[in-house]
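Below is one structure; the comments refer to it alone.
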Amino acid sequence: MFNFNSRLSSRRHTKIAASMAAMTLMTVGLVTTATPAHAAAKCVTATEWTLYGDVNTKTLRGYSVKLQSGRTSAAARAQSNVPPGGIISIDRSINQFTPTAAEKSTGHGWRTTTQVANNGGYDYCEGKNTAGSTVFMSTKSVEGSYNAVRQCLRVSGTIECSSQWYVDFDD
């Protein structure tokens, strides 16, 4: 079966993937990622200044990639040094999660990829390094309130993502 959680490295395959996704949706009723156009609509630019803090740092494709959450809002973003042609992205669950009693008291929680897939899947926001050298980059912010988020990095056409998904339950 086609793996919808992997992103295609070539845009020319996007129409093929969209057609396959539509056919799969009709037969199995579940698609775990959005189309690139739908995903891009989820990327937002902060309208106010936000102070971010690190919530998770993972080594992905040989680079330290940070997942950050807004301290005064539930905005989330990913940051890393990105090599030429590399793509940094943040995945966001399509549907929100309900906190456990313990998560209500701490204001955050963690989910697995299986839990996110079983809760409607995810979409993503990404940025590509078009410079001729490695540069420090951030994704655009995504709304993370009650949604699970994780960081990803694609280098030389191969993507790697954190297996941990962070959920901000602060109101």
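The values are calculated or read from the model by the stated rules, or taken from the named source; none is laboratory data. Treat the numbers as computed from the prediction; the structure is a model and nothing was measured. Ideal geometry is used to build each Cβ from the backbone, glycine not excepted, and the neighbour counts take in all protein chains shown. In case anyone asks, the SASA skips ligands and DNA or RNA and just uses the protein heavy atoms, side chains included. Shrake-Rupley method; radii C 1.70, N 1.55, O 1.52, S 1.80 Å.
Below, the figures for the structure above:
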{"read-out": "Cα-Cα separations in the range 56-120 greater than 15 Å, expressed as whole percent", "value": "64 percent"}
{"read-out": "For residue 97, solvent-accessible area (1.4 Å; no DNA, RNA or ligand), Å²", "value": "20 Å²"}
{"read-out": "Residues of the range 84-124: accessible area per residue with a 1.4 Å probe, Å²", "value": "46 Å²"}
{"read-out": "For the range 129-171, alpha-carbon Rg over 2.2 N^0.38 Å", "value": "1.47"}
{"read-out": "Cα-Cα separations in the range 95-168 greater than 16 Å, expressed as whole percent", "value": "57 percent"}
{"read-out": "Cα-projected label distance for residue 64 with residue 98, points at 7 Å along beta-carbon direction, nm", "value": "4.0 nm"}
{"read-out": "Segment residue 134-residue 105, length gained on full extension (0.36 nm per residue, minus Cα span)", "value": "6.4 nm"}
{"read-out": "Part-to-part distance (alpha-carbon centres) for the range 47-87 and the range 97-124, which is given in Å", "value": "19 Å"}
